[in-house]
Amino acid sequence: MKDEPASYADKMIEALGEISTPSTAAMKILSMLSDPGTSPKRVAEIISADYSFSAKVLKICNSAYYGRPREIKRLEQGVLMLGFHEIKNLIYTLLAFDYINNIEFEEIHAELRDHFRSVAVTARILADYRPEVDNDVLYISGLLHDIGKVILVVSSPHEYGNYLLHSDKASDQILDKEMGLFGCDHQIIGERLLDRWKIPKEISSVAGSHHALSLPENDTISPGEIVEIANNIVYSIQSGSEIVSNSQEKFERLLDGASFEDIFDQCRIEIENSNIF
């Protein structure tokens, strides 16, 4: 009997061993941040235990992005300045980028890093127009939506890596290609991976479903649909092409009369500013 796609995904994840494991430091920090009784001082102590993370957090706190008038020298100051929500988003960003470091294919490494960051920023902008969705959830969902591609690139750096570099990024044909190569696609393997990491289901489910989603019958819109729109906006900005028509229709419903051009320009500016990450 032929294995189901989820079974293929689990076998690929298990075959990679430690590569399938997230940063211990990041997961410990995220666990601390989920406890409402945790103090900024304690969060700073946990971050300080990992030199790489602590250096990056301080660097970002002192970047032009936050426009601080004086230098932040202590992590506790940085945690207080950013607040727990922004620190959580930052740790998730460092977690994702740390995981991408498993890719030795330099062009793919740079492309995925840029794409993860850009979709995260764009999804958070779109979330501002939907009060029923959580901005942080949308940012993290956008950041991790393509995490499954990391597993696939590590498993097949030449055939899949080269396909990824030269394929139409906005096309859903990539799912068929992945199914042919691996017996599963990056959505399935991404969701299975994040579930193993015990990432909240509302986030892992977006990794598992963010392609070719049908238009909702009413005015509700799911996080997966917002990330799909963000995905297409980013590809459109990077390629200079028009956004695909299905996303355009979803976009207009999402924004409820807001100017497409204005939001598009806002996304472009925020993506450029987010290069500090």
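Some values worked out for this structure:
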| item | result |
| --- | --- |
| Cα gyration tensor, region 1-99 - rounded (a/c under 1.5), prolate or oblate | prolate |
| Within the chain, longest stretch clear of exposed GluC sites (Glu not before Pro) (DSSP loop, no more than 13 other Cβ within 10 Å) | 133-216 |
| The chain - mean residue ellipticity at 222 nm from DSSP helices (-39,500 (n - 2.57) per run, n ≥ 4, rounded to 500) | -21000 deg cm²/dmol |
| Of Gly183, Gly224, Gly240, the one that fluctuates the most in a GNM where the chain has Cα springs shorter than 10 Å | Gly240 |
| For the chain: relative contact order, % (alpha-carbon pairs under 8 angstrom, 6 or more apart) | 22 percent |
| Neighbour count of at most 13 Cβ within 10 Å plus DSSP loop: longest trypsin sites (Lys or Arg not before Pro)-free window in the chain | 75-197 |
| Whole-Hz ³J(HN,Hα) from phi, Karplus 6.51 cos²θ - 1.76 cosθ + 1.60, for region 114-129, glycine and proline x | 5, 5, 4, 5, 5, 5, 4, 4, 5, 4, 5, 5, 5, 4, 4, 9 |
| Karplus-derived 3J(HN,Hα), 6.51/-1.76/1.60, for each residue of region 188-199, Hz, glycine and proline x | 4, 5, x, 5, 4, 5, 5, 5, 5, 6, 6, 6 |
| Exceeding the 23 Å Cα-Cα cut-off - candidates Lys28/Lys88; Lys28/Lys198; Lys59/Lys201; Lys59/Lys88; Lys177/Lys198; Lys11/Lys149 | Lys59/Lys201; Lys177/Lys198 |
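No lab work stands behind these numbers, since they all come straight from the coordinates. Because the structure is predicted, anything quoted here is derived from the model rather than measured. With ideal geometry, Cβ positions are generated from the backbone for all residues, glycine too; neighbour counts draw on all protein chains shown.
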